[in-house]
Amino acid sequence: MRYLLYIVFSFTLLFTSCSKDVAGTSNVFSNPLDPVTAEEEGFITPAIVFFPSEVTVAEVYEEVTLDVHAMQVPNLGGAHIQISYNKQKLSLANLSLGSFFEASEGLIYHEDDTDFGLIDIYMGFLGTDSSEVTGTGQLAILQFQAIAGGASTVAFTDYSEFVDHEDNDIAILGKGICVVTVGN
């Protein structure tokens, strides 16, 4: 009898655990950095995206951290990334180099134009070696402070560009956005 219960329990566990439609898991398996998910949603690479793509904080003056990621980029030697944000709702608190360039003596410089809500980020490699990275990785880490309630969009502008170590353009075919919501 014990053996029969063990078999019934095993089959029940096996067949119920193979379903993607488990209650409460909708959108859990939709990582925007996953190449399969990106392809399923029609997102073309090489691309630049925010992670996460949606953030909600409860109160004004809380900080929001957004990662800037390059997706499936070949031979990336440098980048200029321009980000627009709602200056009435967000304020840039900190910006640092992500791990994609960091492993190879990466350099980052940024300017925050608070009059227009634009951040220009310049990054690449330091030194005489012609270094490049290929693949998907974290370019920068942005920390914003929420200064007003409501929803706002953080987006990449058309002035963003990727280049190889010889300063040849690498087309950015996809650009993500992030929606930051402050309050309920």
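Quick grid of which residues meet (1) of a type in the set (D, E, K, R); (2) out of contact with any Cys (no Cβ under 6 Å at 6 or more places or on another chain); (3) crowded, with 19+ Cβ neighbours inside 10 Å:
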site: ASP120; (1), (2), (3): yes, yes, no
site: VAL154; (1), (2), (3): no, no, yes
site: ASP164; (1), (2), (3): yes, yes, no
site: VAL182; (1), (2), (3): no, yes, yes
* Quick one: count up the residues across the range 158-184 that are out of contact with any Lys or Arg (no Cβ under 8 Å at 6 or more places or on another chain), β-branched (Val, Ile, Thr) and within 17 Å of LEU92 (Cα to Cα). => 3
* Restricting the range 117-134 to residues that are touching a strand residue (DSSP E or B) at 6+ places or on another chain (Cβ under 8 Å) and in a loop (DSSP other than H, G, I, E, B), the residue that is modelled with the highest pLDDT -> GLY117
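For every residue, the table says whether it meets (1) under 17 Å from ILE121 (Cα atoms); (2) without any contact (Cβ under 8 Å) to a residue 24 or more places away in the chain; (3) surrounded by 17 or more Cβ atoms within 10 Å (Cβ to Cβ).
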residue: VAL49; (1), (2), (3): yes, no, yes
residue: SER53; (1), (2), (3): no, no, no
residue: VAL57; (1), (2), (3): no, no, yes
residue: LEU66; (1), (2), (3): yes, no, yes
residue: ALA70; (1), (2), (3): yes, no, yes
residue: HIS80; (1), (2), (3): yes, no, no
residue: SER84; (1), (2), (3): yes, no, yes
residue: LEU95; (1), (2), (3): yes, no, yes
residue: SER99; (1), (2), (3): yes, no, no
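The values are calculated or read from the model by the stated rules, or taken from the named source; none is laboratory data. The structure presented is a predicted model; accordingly, all values stated were derived computationally and were not measured. All Cβ positions, glycine included, derive from the backbone under ideal geometry; neighbour counts span all protein chains shown.
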